[in-house]
Amino acid sequence: MTVSYSKDIVTSYGIGGCFLRLIFRWRASVYRLIYQEFLVYIIAWYVVSFIRRFALSVEQKQIFDMASLACERYANIFPLAWVLGFYVAIVYDRWWNQYCSIPWTTTLSLRVAAAIQGQSEVERLIRRTILRYANLTILLTFKKVSPEIEEVYPTLDSFIDQGLLSIEEKKILEKQALQIDEWMERDKKFTEKNDDNGVGARSEKISLEKDVSEELLNAKEKNMVDTKNVNPDYFLPMVWATKIVTKARADGQIGSDYSMNGIMDEIISIRSSCAILLRYDGICVPLVYTQVVTIAVYSFFLSTLVGRQFRQGDTDLYFPLFTTLQFILYVGWLKVAETILNPFGGDDDDFELHRISTYNRRVGYQIVDNDSTSEQPQMTRDKHWDIKSKDPGENHNYITT
């Protein structure tokens with residue numbers, strides 16, 4: 001669940017400003033992200049410090065001090081702050097773009113309600129069915145990218161229980177999903193046997209298509225295909241919605257082509273948003289970059305276990321205060337990137353897709369259902385009706401108390 005603190009930073013007056021109102025929070029804080037790593041690090045630091053102080057001889061302490069000085073010197077060569085900052089900037093930009101790509105049905109609901117008016121059962125059915133298909137498409141997309149939604153809707157029967165899918169529609173989705181499995185299995189077998197695409201590859205492909213089709217057909221007849229765990233394409237309900245809109249225009253429920261095109265544009269926009277989310281889910285930040293940054297951060301603090309120890313002639317600090325501040329900065333920075341790298345899980349700042357889908361259904365049905373929105377207020381003159389501006393460009397203070 002996303003943690004919001006906007007109301008706590010409305011004003012920044014006073015000693016410390018917003019700092020004191022935010023610094024001691026635990027939920028979604030940097031302390032919660034790094035406390036386990038910090039406990040391991042500080043225990044290891046004190047173990048090394050104890051060995052250096054009490055377990056080494058004078059000559060060994062001199063050798064240790066030389067190694068500590070070398071670790072301190074060479075650890076600062078690497079531009080860790082620059083590499084980590086660039087990585088976090090990339091991940092944050094990706095995180096925000098994913099949020100902006102989440103589909104909402106409010107605009108579609110308004111367009112449908114404005115274009116398809118009337119109180120008959122047919123017109124109401126058209127409006128609600130278009131919204132139901134849009135919500136179904138969005139949830140099928142969320143199901144592919146979020147384990148949280150996958151737990152709520154493990155099978156297509158779950159959508160039936162929630163009133164988003166009918167039995168007939170479920171059969172169509174299952175059939176389409178089995179066709180996809182057939183194509184994928186066919187291409188897989190063809191690729192395995194014809195990597196070089198040599199002579200006779202096309203005839204071999206045709207024979208493989210027949211073999212795979214017969215295998216799947218026999219599996220269907222023997223009830224060996226698990227239809228409860230099918231994974232249909234997310235966009236198919238939107239195809240049904242476009243056909244409903246086209247038929248409604250032909251039958252006269254939609255009064256103009258302009259209104260129909262407005263609904264179509266919103267349907268395409270929702271499908272595009274779903275496609276963008278799936279692309280983000282399929283194409284992540286390059287693994288090598290994530291590995292490089294992670295190894296760099298933990299290697300740096302591994303070197304500080306020796307490099308930041310007390311050396312002969314230095315001020316003896318029994319607690320690594322400045323190293324701790326550096327740990328909070330660098331490891332906290334890294335943990336922020338790890339948290340928002342995939343914002344569809346159960347972290348504190350992950351997107352609440354279930355709440356978004358609930359909002360889409362509640363508000364969408366409320367808008368398109370004329371029974372709940374049919375009460376229209378009468379137009380009346382506003383409080384400042386008689387006040388006229390000589391110059392519309394001037395800023396007049398019309399409101400008095």
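Worth a mention:
- Output for segment 310-336, where each listed residue is closer than 21 Å to I51 by Cα and either modelled with pLDDT under 90 or open to solvent by 40 Å² or more (accessible area, probe 1.4 Å) (or both): F310, R311, Q312, G313, D314, T315, D316, L317, Y318, F319, L321
- Applying the condition of being under 24 Å from the mean Cα position of the chain (by Cα) and open to solvent by 30 Å² or more (accessible area, probe 1.4 Å) to segment 95-125 and asking which residue is nearest to T290 (Cα to Cα) yields W95.
- Among the residues of segment 300-344, those identified as more than 21 Å from V91 (Cα to Cα) and among the small types (G, A, S) are S303, G307, G313.
- Test: residue in segment 41-52 that is closer than 30 Å to S269 by Cα, surrounded by 15 or more Cβ atoms within 10 Å (Cβ to Cβ) and out of contact with any Phe, Trp or Tyr (no Cβ under 8 Å at 6 or more places or on another chain): no
The values are calculated or read from the model by the stated rules, or taken from the named source; none is laboratory data. Owing to the predicted nature of the structure, the values given are computational and were not obtained by experimental measurement. Reconstructed Cβ throughout: ideal geometry from the backbone, glycine too, with neighbour counts over all protein chains shown. These area figures cover heavy atoms from the full protein model, side chains too; ligands, DNA and RNA do not enter into them. Shrake-Rupley method; radii C 1.70, N 1.55, O 1.52, S 1.80 Å.
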